[in-house]
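Down below is the structure, laid out as structure tokens.
Taken together, the values in this text are just the output of simple stated rules run on the coordinates, not laboratory data. As the structure is a computational prediction, the values presented were derived from the model and not from experiment. Quick reminder, even Gly has a Cβ in these numbers, built from the backbone with ideal geometry, and neighbours come from all protein chains shown.
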Amino acid sequence: MRRNLPINKIISSMPVSATLGINERSNAMIKAGKKVYKFGLGQSPFPVPEHVVEALKANSYQKDYLPVRGLKELRDTVAVYYEKTQGLSFTGDDIIIGPGSKELMFILQTVYEADLLLPTPSWVSYAPQAVITGRKVIWLNTERDNKWLLTPDTLEAECSKDPDRARVLLLNYPNNPTGYSYSACELKALAETARKYGVLILSDEIYGEVHHDGDHVSIAKFYPEGTIVSGGLSKWCGAGGWRLGTFAVPSNLRRIVDAMAVVASETFTSVSAPVQYAAVTAFRENKEIDTYLLHSRKVLKTLGTYCADTLVGAGAKLERPDGGFYLFPDFSPMADKLHKKGITTSTEMCEKLLEETGVATLAGSCFGRPADEFTLRLSYVDFDGGLAITESAKLGVDAELGIDFLKKTCSASVEAINLMGAWFQK
């Protein structure tokens, strides 16, 4: 065997995905007998709804390869889902199914030759995918005091440098890592700028159904001809390990779907048949899903509010989250105190925090922020989501959830955030 294996130099210099890396490290520490609070990965704590699980069981015999673009019944159901939830006009022919939205994003960047515009902070895998596919990454600055949201002026400033250049804007909301989202007015303004310069928007709305108030709005309502909507089962249906993602592509961009299908046919072939059949049940409107989402949102909003308020009390700069299960606190106001501890970067801050409290988080630099900015991302979902939904349902739809509820159902998350608050106040 050759001693110097001819591995692609770009890929050989890249580390494993930061979120997966912190999860593996946390599990190894736990296995070694250490107490670790898993605020690093960002996996839904809630179980897959029982009727969806039953649908998977009922279709376990399905063994044939399905169409590359996905099961027709599922694609049609997803199109109806977008019509009912967002008022978007898609047909089954506009939908493509993949083994997670992450894979579909990678394939899109493979087939569509354009610069990638990324608001900072952004999820850890967006930029590496662009690097692997040879695309240019252009970071668009955002401000903490504006909830890290991209503004039309910032988008305009970048696009006006070369108006005819092909660009993809990857917009994610509710956002990972910040937990914040956009209002309809903010989305409309961004859509107008994108249309002006012919920017293709990849709207990653995987957390749309876990907007804490159920008020998610898709930017595709304002820019339907230029927006691809990305979704899936992982975040709102608790089925991350099932690996099923969806792209909804406007009919005028059918060539993109055709090209993606070619790559899919030569790579993953098709998504697991039993999972696709079960996903039909997940995407169909029904009372079970509505109730499941209502209680999921209540639990996440209550816990997210408690965590944000605790960290603000400890000196962090952030606002309460709008959706999802993430916070992106900025501890820069405490820089002098951190410097006295020998901490000069966000990575060092997270390392020290893990070492001294057992709370696993990710440095802001993993998400495109400067290394010396004291930001971090935490995913506040180290709890039994099944128990939390059950207890919320017992209290009733209109009941307010409080600290006693959190201590009963989300004790590890409460302990972790309190340890964080105390550590930063030392």
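By the helix-only formula, in which each DSSP H run with n ≥ 4 contributes -39500 (n - 2.57) and the sum is divided by residues, the chain has a 222 nm mean residue ellipticity of -13000 deg cm²/dmol.
What is the sum of charges around H295, taking Lys and Arg as +1, Asp and Glu as -1, for the other residues whose C-beta is under 15 Å from the C-beta of H295? Please report the intermediate quantities before stating the final value.
Working: positive: K287, R297, K298, K301, K394, K408; negative: E50, E209, D213, E288, D290, D384, E391, D398, E400.
The answer is -3.
For the stretch 54-284, the antiparallel share of DSSP beta bridges with both residues in that region comes to about 35%. As a proxy for reagent exposure, R284, R75 were ordered by neighbouring Cβ count within 10 angstrom, fewest first; the result is R284, R75.
For the stretch 54-284, taking the reciprocal of the average inverse distance between every pair of different Cα atoms yields a Kirkwood hydrodynamic radius of 17.9 Å.
If each residue's Cβ is checked for other Cβ atoms within 10 Å, how do T361, T347 rank with the fewest at the top? Don't skip to the answer; put the middle values down first.
Values: T361 26, T347 16.
Lowest count first: T347, T361.
Cross-link pairs exceeding 28 Å in C-alpha to C-alpha distance, out of K298/K337; K147/K287; K34/K408; K235/K340; K317/K341; K38/K287, comprise K298/K337; K147/K287; K235/K340; K38/K287. Ranked by how many other Cβ atoms sit within 10 Å of their own Cβ, fewest first, the residues S13, S272, S379, S101 fall in the order S13, S272, S101, S379. Remark on the stretch 139-215: Rg and Dmax equal 12.7, 39 Å (Cα only).
Here the gap between E54 and K34, fully extended at 0.36 nm per residue and compared with their Cα-Cα distance, gives a gain of 3.6 nm.
Please state the shape class of the stretch 120-170: rounded when a/c is under 1.5, otherwise prolate if a/b exceeds b/c and oblate if not, all from the C-alpha gyration tensor. The partial results should precede the final answer.
Working: a/c = 3.13, a/b = 1.13, b/c = 2.77.
In terms of gyration-tensor shape, oblate.
With both residues required to sit in the chain, DSSP beta bridges show an antiparallel share near 45%. Less than 17 Å apart at the alpha-carbon level, and either on another chain or at least 8 residues along: which lysines does that give for K35? Within reach: K352. Projecting label points 7 angstrom from Cα along Cα→Cβ for K407 and Q62 puts them 4.6 nm apart. A convex hull fitted around the alpha carbon atoms of the stretch 189-313 yields 154 Å³ per residue.
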